[in-house]
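Here's the structure we're looking at; comments come further down.
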Amino acid sequence: MSGQAGVAVRVLATRVVDAVMHRGRSLKAELANTLPRIDDARDRALLEAICFAVLRSRARSDAALGQWMPRPLGPRDNELKALLHVGFAQLVVLGLPAHAAVSATVEAVRVLGRAHQDKLVNALLRRAQREGLPASAADAAWPAWLRQQVRADWPAEADGIFAESQHEAPLWVRVNRQHGGREAYLQRLTEAGIPAEAPVGVPDALLLRAPVPATTLPGFAQGDVSVQDGAAQCVADLLDALPAGARVLDMCAAPGGKAAHLLERDPTRRVVALDVDGRRLQRVQETLDRVGVQAQLKAADAADLPAWWDGEPFDAVVLDAPCSATGIVRRQPDVLLHRRAEDLDALTRLQARLLDAAWRVLRPGGRLVYTTCSVLRDENARQVDAFRARHRDAEVDPLDDAWGREDAGGRQRLPGERDMDGFFYAVIRKA
């Protein structure tokens, strides 16, 4: 990487972090807008690594600034604060060579029009290099209301949830059965010099403990493999007993991983992929096209049945519901910046509304698979209990211990268990 390119990466990283930390922007959206502007794949990977490291170490960096600055930085210095977080993350979290990291970050402050603050930045980065960052509790980055909720729901496991959410997640990939078997693809990875494991109990999955960009995976563009966490891949197992030609609704389909997986398992399934956001459905179509399967796509509010349902009942409905995302903080660390207590009330009402709509379009004897990437019982176990109280013809099918901890007939997997994301599963049969 040239010196000029290194400075440009720090400038862009600072702007992404500033947008996420101070202007409420989504990290995923900011990276999607920024990464295509960088030509070199190594520079793209560095920018992404810096941004994730910043958000995972945010509480420690804030503690350092609180101790080391003579007075707090005000809103006018948000960009400077973001740049200092970028510098600290490089030195303390990523362990980049100190000379290059400090030099490029100090030069970035000049490019950002803050040359008068370059000595301050240099001094603070040198201190972080010498002393490291102050320690902070694993739950320090969690808003108080959410921290209390997790501790109330999981008193014995809460510390582990918080600690695991600080770690980088491994990369899980899903091998397309229509393009070959898992063992054959594992051999392709080996030949490409990409170490991977074949975990037991997740038949289409491979686990890469050292993540690589998806586009560098052999055959990715041809649909031989997709990126999908092991916890999400397990959803397809819950519908393996469906007969050929079964009619399946993927109720909140974007970005399309579950619909694609269901069809890779059995292309005869008649899958309807529904999502309220027509733009997100474009991504679903791109996913399906890449892996070589077909589904019927519909853009509509799932609970507004006259807007999309043709009256033919479904053999199964998959509802991976909008949720707090508290089970995937290690993948989406900005969740802790953006989530509000009132969001949870709105989400639980939406989940109940979607569950009731799913029940109306499910045939008698059919299965409703309800999942979230949350660890909160209001969205999971209590949501299922409330649903069963509203629908006396709902029977929860038992799942064994391989799916996680039993809770209201469903199962809760906590973040990091079996190297997977936090995830809740319930299978509800219509009597």
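So here's what we get for this one:
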item: Tally of residues being surrounded by 18 or more Cβ atoms within 10 Å (Cβ to Cβ) and either in contact with a strand residue (DSSP E or B) (Cβ under 6 Å, 6 or more places away or on another chain) or among the basic types (K, R) (or both) across segment 382-395; result: 2
item: Test result for L12, crowded, with 20+ Cβ neighbours inside 10 Å and farther than 26 Å from W142 by Cβ; result: yes
item: Within segment 1-76, helices (runs of 4 or more DSSP H) holding 2 or more residues that are in contact with a helix residue (DSSP H, G or I) (Cβ under 7 Å, 6 or more places away or on another chain), on the phi < 0 side of the Ramachandran plot and of a type in the set (D, E); result: 41-56
item: Given (1) in a loop (DSSP other than H, G, I, E, B); (2) farther than 30 Å from C51 by Cβ; (3) out of contact with any Phe, Trp or Tyr (no Cβ under 8 Å at 6 or more places or on another chain), number of the condition A302 does not satisfy; result: (3)
item: Some residue of segment 146-160 being closer than 18 Å to R209 by Cβ, in contact (Cβ under 8 Å) with a residue 12 or more places away in the chain and surrounded by 15 or more Cβ atoms within 10 Å (Cβ to Cβ); result: no
item: Number of positions in segment 310-367 that are closer than 20 Å to L239 by Cα, part of a helix (DSSP H, G or I) and aliphatic (A, V, I, L, M); result: 5
item: Count of segment 77-109 residues which are in a loop (DSSP other than H, G, I, E, B) and either surrounded by fewer than 15 Cβ atoms within 10 Å (Cβ to Cβ) or outside the structural domain of L27 (by TED's automatic domain parsing) (or both); result: 2
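Yes/no per residue for (1) closer than 30 Å to R331 by Cα; (2) crowded, with 16+ Cβ neighbours inside 10 Å:
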{"position": "L347", "(1), (2)": "yes, yes"}
{"position": "L362", "(1), (2)": "no, yes"}
{"position": "N380", "(1), (2)": "yes, yes"}
{"position": "R405", "(1), (2)": "yes, no"}
{"position": "F423", "(1), (2)": "yes, yes"}
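The values are calculated or read from the model by the stated rules, or taken from the named source; none is laboratory data. All of these numbers come straight from a predicted model, not from anything done at the bench. No Cβ is skipped: glycine too gets one built from the backbone with ideal geometry, and neighbour counts run over all protein chains shown.
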